[in-house]
1. Residue pairs, Cβ under 8 Å, 6 or more apart or interchain, first in segment 117-143 and of a type in the set (Val, Ile, Thr), second assigned to a loop (DSSP other than H, G, I, E, B) and modelled with pLDDT of 95 or more. List them.
2. Any residue in segment 43-63 that is within 20 Å of ILE14 (Cα to Cα) sitting within a Cβ distance under 8 Å of a residue that is among the basic types (Lys, Arg) and not in a helix (DSSP H, G or I)? List the pairs, counting only those 6 or more apart or interchain.
3. Here are ILE19, ILE14: which of them is β-branched (Val, Ile, Thr), buried (at least 23 other Cβ atoms within 10 Å of the Cβ), within 21 Å of the chain's Cα centre (by Cα) and closer than 15 Å to MET305 by Cα?
4. Give the residue that is nearest to ARG66 (Cα to Cα), with candidates limited to residues of segment 270-294 that are among the aromatic types (Phe, Trp, Tyr) and modelled with pLDDT of 95 or more.
5. Within segment 160-193, track down each residue that is farther than 23 Å from ARG227 by Cβ and either in contact with a helix residue (DSSP H, G or I) (Cβ under 7 Å, 6 or more places away or on another chain) or surrounded by fewer than 14 Cβ atoms within 10 Å (Cβ to Cβ) (or both).
6. Please enumerate the residues belonging to segment 22-42 that are surrounded by fewer than 18 Cβ atoms within 10 Å (Cβ to Cβ) and within 19 Å of TYR273 (Cα to Cα).
7. Does PHE277 satisfy being in contact with a helix residue (DSSP H, G or I) (Cβ under 6 Å, 6 or more places away or on another chain) and either within 19 Å of GLN100 (Cβ to Cβ) or hydroxyl-bearing (Ser, Thr, Tyr) (or both)?
8. Looking at (1) within 24 Å of the chain's Cα centre (by Cα); (2) assigned to a loop (DSSP other than H, G, I, E, B), which is the only condition ARG147 fails?
Amino acid sequence: MRTHKIAVIPADGIGKEVIPAGVRVLQVLSECDGTFRFRFKTFPWGSDYYHKHGRMMPADGLDTLRRFDAIFFGAVGHPSIPDHITLWGLRIPICQGFDQYGNYRPARILPGITGPLRGRTGKDLDWIVVRENTEGEYSGVGGRVHRGLPGEVAMEVSVFTRDGVERIMRFAFGLARKRPRRLLTLVTKSNAQRHGMVLWDEIFAEVAREFPEVKTDRMLVDAVTTRMVLKPETLDVLVASNLHADILSDLAAALSGSLGIGPTANINPERTYPSMFEPIHGSAFDIMGKGIANPLGTFWTAVLMLEHLGEEAAAANLMKAIEQVTAAGKVLPRDLGGNASTEQVTDAVCAKIRKIGPKGR
């Protein structure tokens, strides 16, 4: 029997609620399938760990995680700790340390879900936002001088390398050519950012010649936001820098119904290191402990993890279970117009998994 070793990091806020729900769903799925199993190990890293130890994870955290096949991650952030400390203390070191440069975030209006765009369905809004995940605006290059003085200066440097841009372009083209529409949209801001973003434009044109089967177009980041709202059916796969794609993927999730259903995969395509999978919704401390967090984004994230692990049939069955629950409309969380608890939504998805069975009925 195939065994997948998964490092589980619920971390902060509702991550402590939705990640255990995701683990439960994955266990039910593997039991029903019968051809693979999971070996989960949970790590108590995050803001609670920071309050005790002065850091978000141990100094040898990456060495510990290196032994796993994948990482199942919750959310990071705590009201008592500045966000740049929590983010740079846990999530970013994992993404950069394991060279998880290929971040992608599917967004689709699921069956039974009414999004904010009137009359739109999954036929109109079905996208993948590809995000360069290790450099760009989140490179960490810069500094502050003359702190507290009238002439204080803070400088944040966006770093774009040819190697970094080329590889995320090939990653995005590789995803686009597997899609029915085979359309890839480059999103930059090269009219204003005339060095790094122009490099993106030029490399995109170069790499596009390697993928003649993929149609391409190009838009500025401000213009593409209006296209996402007014003409969602004209988009398919979008590729953008670390910051731009971070923002656009949140908009994509909101337009598809809620941030609570958005999944993320942080991929090291070469598989030199483990990849990390997380829902996009953040720690959401305002609803922590109330039992109402939407776990569907975590379940969809688990679909992406299963695909990466080579369990395509199980991934399809889990996605089918999610869609059957949303289509029925009887057990939906509050952010999707229902009143079901995290546990009730989890129960409903588990019941669908058992009903679907290993052969995907």
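The values are calculated or read from the model by the stated rules, or taken from the named source; none is laboratory data. Because the structure is predicted, anything quoted here is derived from the model rather than measured. Methodologically, a virtual Cβ is constructed for each residue, glycine included, from the backbone with ideal geometry; neighbour enumeration extends over all protein chains shown.
1. Hits for this filter: THR121/ILE109; ILE128/ARG179; ILE128/ASP236; THR134/ASP99; THR134/GLN100; THR134/TYR101.
2. As it stands, the answer is TYR49/ARG55, since those pairs meet every condition given.
3. None of the other options fit; the residue is ILE19.
4. Out of the qualifying residues, it is TYR273.
5. PHE160, ARG162, ASP163, GLU166, ARG170
6. Across segment 22-42, the qualifying residues are ARG39, PHE40, LYS41, THR42.
7. Yes, satisfied.
8. Failing condition for ARG147: (1).
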